[in-house]
Every structure is written in structure tokens, then in C-alpha cells.
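The values are calculated or read from the model by the stated rules, or taken from the named source; none is laboratory data. Because the structure is predicted, anything quoted here is derived from the model rather than measured. Every residue, glycine as well, gets a Cβ built from its backbone with ideal geometry; the counts of neighbours run over all protein chains shown.
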């Protein structure tokens, strides 16, 4: 069955429909060796190139949007391939679908990871304009004063620009290690750790516990996954304005 070309490209995980439409209007997409035009339709078997490179439309996802939540363990990588032979999150996923990761977690961060078979949904959720809450539980080594918390929410200048937490809440702990729950609305590399480190604190543990309206289930064990319920999937689709 043929679909609008921009929908096929987005559903295969290459970018949003709007992004694909912009490239079509700029003459950067070819369909069966001809410059594509807005309104063109195609199937997964057609030959499509972006800036001269052929893309794989066979990655076109099923019509039903599926989302799974994985409880990533620290030490598991988020890449598909690793020269060191470490375990990957992709080794833990169910077969039968092409899964697109919604934001990464670094090697030493554990907790909530979302995967979906809908490439457009993944791209929308990851785009900075979505401003979706990402909540983390952070264990910090060092004596944190009220003025430090104010700086974290007022904002700090990092090497890649201004950054801040939207909220910081004290969450318990004793001695030198204290727990905090922090929320931010973007997914820059190691941003949570770098904000704390900018003030001289060491993050000894970092766990993502919420993405938007989706919280990590208490019953989900490390390196296990479960499918989100249809109502939860709809929450994400609405957050992405799809």
C-alpha cells in the first residue's frame, strides 16, 4: 500500500514528517531516480534517496504503535555494537519489531528507557521543542547547601551552553551521600552529572525514574521490560502532538 513519502520516511525512523517535507521542498530527496515532489506517494519497495544516499524504507513500522519500558542496569550500553563485547540494551528487547530508542542513558546510569516501533514518535519525543519532563533520582557526595540548589534551578553555564534543572527536591539519605530528585526538559549528554559537577559535587548514583507521564514500575526488575498499556501509549502520542 502506498503512503505519502514524508510519512514513510518518518515512520522508518529518519526524522519527522515536517523534516521530510522540508527536504522534499528543497529538492534533496529522490524517488525512483527522480526529484521527489510534495504529494508524492511511495511504498517500502520504492527507491528513495536523501542527499544521494539510499535509505531503507523496509524499516517502516507496523500501523499499531507499540512502546516498551526497560529498566536498564548500570554497565549496560545503549549502542547496538560494542568492540568490548559488553551487554547492550538491544540484547534485552523482544524480537519481531524494529525498536527505536527514545533518548539514551550513559553507561553508568540506570533506570527507565523507552523504545517504540514508531520512528516519528521517537523523534518527536526526543526533540527539544517537546519539553518533556525527565526525572532522575540522584545520589550526591558532598554537603549541598540551599544556595547550591538555587544555582541548579537558576541555571549554570556549561561548555555546551546554559542548562538548569526545572526542579530539585531533597529525597533523603544520611552522612556524606544524599539523594535528590531532579527534573529537566532536555536530553543533552551527561547533563545531570555535569550540572552537579559544575558545583564541585560527585554523582555516585543516577537513576532515571520518569519520562513525561510514564514512571518506572516498582515491579520491573533490572534489565527486564514490559509493554506500555494503550492508555500510556496515548499519553506519549499526545505529548508528541501525534
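Table: residues versus (1) under 30 Å from residue 238 (Cβ atoms); (2) assigned by TED's automatic domain parsing to the domain that holds residue 17; (3) touching a helix residue (DSSP H, G or I) at 6+ places or on another chain (Cβ under 7 Å).
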| position | (1), (2), (3) |
| --- | --- |
| 43 | yes, yes, no |
| 49 | no, yes, no |
| 75 | no, no, no |
| 97 | yes, no, no |
| 100 | yes, no, yes |
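Filtering the range 125-145 to residues that are under 11 Å from the mean Cα position of the chain (by Cα) and more than 16 Å from residue 237 (Cβ to Cβ) leaves 128, 134. For residue 183, the test of being surrounded by 21 or more Cβ atoms within 10 Å (Cβ to Cβ), in contact with a strand residue (DSSP E or B) (Cβ under 6 Å, 6 or more places away or on another chain) and within 29 Å of residue 227 (Cβ to Cβ) is failed.
Residues considered: 200, 172. Of these, the only one that is at positive phi, surrounded by fewer than 16 Cβ atoms within 10 Å (Cβ to Cβ) and touching a strand residue (DSSP E or B) at 6+ places or on another chain (Cβ under 8 Å) is 172. The residue that is surrounded by the most Cβ atoms within 10 Å (Cβ to Cβ), among those in the range 32-68 that are in contact with a strand residue (DSSP E or B) (Cβ under 6 Å, 6 or more places away or on another chain) and under 30 Å from residue 223 (Cβ atoms), is 67.
Can residue 131 be described as surrounded by fewer than 18 Cβ atoms within 10 Å (Cβ to Cβ) and at pLDDT 90 or above? No: the conditions fail for residue 131.
The residue of the range 88-119 that is surrounded by the most Cβ atoms within 10 Å (Cβ to Cβ), among those that are farther than 24 Å from residue 19 by Cβ and without any contact (Cβ under 8 Å) to a residue 40 or more places away in the chain, is 89.
Only a single criterion out of (1) over 16 Å from the mean Cα position of the chain (by Cα); (2) within 17 Å of residue 116 (Cα to Cα) is not satisfied by residue 167, namely (2). Of the residues screened, residue 122 is one that is within 30 Å of residue 57 (Cβ to Cβ) and buried (at least 16 other Cβ atoms within 10 Å of the Cβ). Considering the range 6-31, and only residues there that are in contact with a strand residue (DSSP E or B) (Cβ under 8 Å, 6 or more places away or on another chain) and closer than 14 Å to residue 54 by Cβ, the residue that is surrounded by the most Cβ atoms within 10 Å (Cβ to Cβ) turns out to be 9. Look through the range 134-155, keep the residues that are modelled with pLDDT under 95 and surrounded by 14 or more Cβ atoms within 10 Å (Cβ to Cβ), and return whichever of them is nearest to residue 64 (Cα to Cα). Applying the filter and picking the extreme gives 141.
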